Amino acid sequence: MATSTTPNFDVLVHDFAGHPFEAELSRELARLGFSVVHAYCGGVTTGKGNLQRTEDDPEGLSFLDISDRAFERYSTLGRVRSEYRYGRRLSAAARSLRPHAVLSANTPLIAQAGLWITCGRIGANRIFWLQDFLGRGVRAVFTERNALLGATVGRAIEHLETILLRRSDGIIVIADDFVATLRDRRVKVPTLVVENWAPLDEIRMGSKPNQWSTSMGLDGLRVAIYSGTLGLKHDPEHLVAAARALDPESERLVVITEGLGRDQLEQAKAAEGLDALLLCDFVPYEALSDVLSTAEVCVVLLEEDAGTFSVPSKVLSYLAAGRAIIGAMPATNLATRTIARAGAGMVVTPGSYAEFAASVVALLRDGETSKRMGHDARAYAESAFDAVGIAARVSAFMTRCAADSRRT
């Protein structure tokens, strides 16, 4: 139940992806006195955060896996089926819980549409946590496959996203860049800018040897790590180029992922005999600090057409772990600017395979520079990643949106 300093508020926080920092926000909101159910999709293949109660968690917090059924991401028809199926289950959960507010992040748009309809029927305030303009990405994918599909189906999905944003009671965006696009779409809804972060108490700065590095035979080697999704917005050829450039006797590129991009890397490794490339499944979240501490350098990818709006959350984990970062990302992307602001690494233009590979090799072999960048990365994270302060801002914003909704 809520304390005297917060409204009598039940909140459903839904993060489709199950990322670490969204779960930390739910914990901090519960510590402020909100009753919070943190929901996620167990059936989507991503690296997930701490989605179980711990002994330190406040009483008002619980976790809910909406569906552990495999979510089809890369087949068009399969994805539509999965979105409808997942949307029905998510809406059913909202009807059962009847929260005062729903804060929804990373939710596929068809599922989000069903959830927003349900919120309207049960009188729940709708807070859209806008991590990316998904409609824009869908339209770009369809256009690449077929211009007619992009102009029809892609445009329709983008329009659906705009409607959902307009029907929200509040919007949280992760960068100032989003605000102008909302204005261009004539979305006139209260908006709060909250840059993403990583949980500093859960992702710590360490070193090797550690339990994971020893188990993987990586002690004594120079290691670069990519950890996270390899999907349509990530070109795995960058990783192939880097693996070709490494010395297999003393260096490794460890890629921790599953799904579409993993399959491409498996094929390249077998075809070219890339002994420096080590492919692993996602690891339990509690091992993530050891995993990232095994690396001298961490790697991030993002295609040029992802532009400003898709911000890879793995960058935030790398910063929290105190690791130097090499990226292939658009210059306009917030993550690129964050790496530069932190002095934590360097970024090349996507598609510059040779330059990317050379950058990975150079930083791996320059221990002094990689250590300095790593320390700067952690220092930036400690100064910027204030989950308690963020929760207070989100709490005040939700309360204001609820008051505005009652007045209208």
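The values are calculated or read from the model by the stated rules, or taken from the named source; none is laboratory data. Only a predicted model underlies this, so the values are computations on that prediction, with no experimental measurement involved. Positions of Cβ are backbone-derived with ideal geometry, glycine not excepted, and every protein chain shown enters the neighbour counts.
Points to keep in mind about this one:
- Criterion violated by residue 219 - all others in (1) surrounded by 20 or more Cβ atoms within 10 Å (Cβ to Cβ); (2) out of contact with any strand residue (DSSP E or B) (no Cβ under 9 Å at 6 or more places or on another chain); (3) modelled with pLDDT of 95 or more satisfied: (1)
- Selection status of residue 121, out of contact with any Cys (no Cβ under 6 Å at 6 or more places or on another chain), part of a helix (DSSP H, G or I) and at pLDDT below 95: no
- Within region 205-228, the set of residues being on the phi < 0 side of the Ramachandran plot and free of Cβ contacts under 8 Å to residues at least 24 places away in the same chain comprises 209, 214, 215, 219.
- Residue in region 21-44 that is outside any strand (DSSP E or B), modelled with pLDDT under 95, over 22 Å from residue 127 (Cβ atoms) and out of contact with any strand residue (DSSP E or B) (no Cβ under 9 Å at 6 or more places or on another chain) present: no
- Taken as a whole, the structure places residue 304 among residues that are surrounded by fewer than 18 Cβ atoms within 10 Å (Cβ to Cβ), of a type outside the set (Phe, Trp, Tyr) and closer than 30 Å to residue 178 by Cα.
- Residues that are in contact (Cβ under 8 Å) with a residue 60 or more places away in the chain, within 20 Å of the chain's Cα centre (by Cα) and either surrounded by 16 or more Cβ atoms within 10 Å (Cβ to Cβ) or closer than 17 Å to residue 226 by Cα (or both) within region 356-383 comprise 378, 380, 381, listed in sequence order.
- Taken as a whole, the structure places residue 132 among residues that are assigned to a loop (DSSP other than H, G, I, E, B), at pLDDT below 95 and closer than 26 Å to residue 190 by Cα.
- The selection criterion, being buried (at least 22 other Cβ atoms within 10 Å of the Cβ) and at pLDDT 95 or above, holds for residue 321.
- Any chance residue 79 is outside any loop (DSSP other than H, G, I, E, B) and either out of contact with any His (no Cβ under 8 Å at 6 or more places or on another chain) or touching a residue at least 40 places away in the same chain (Cβ under 8 Å) (or both): yes
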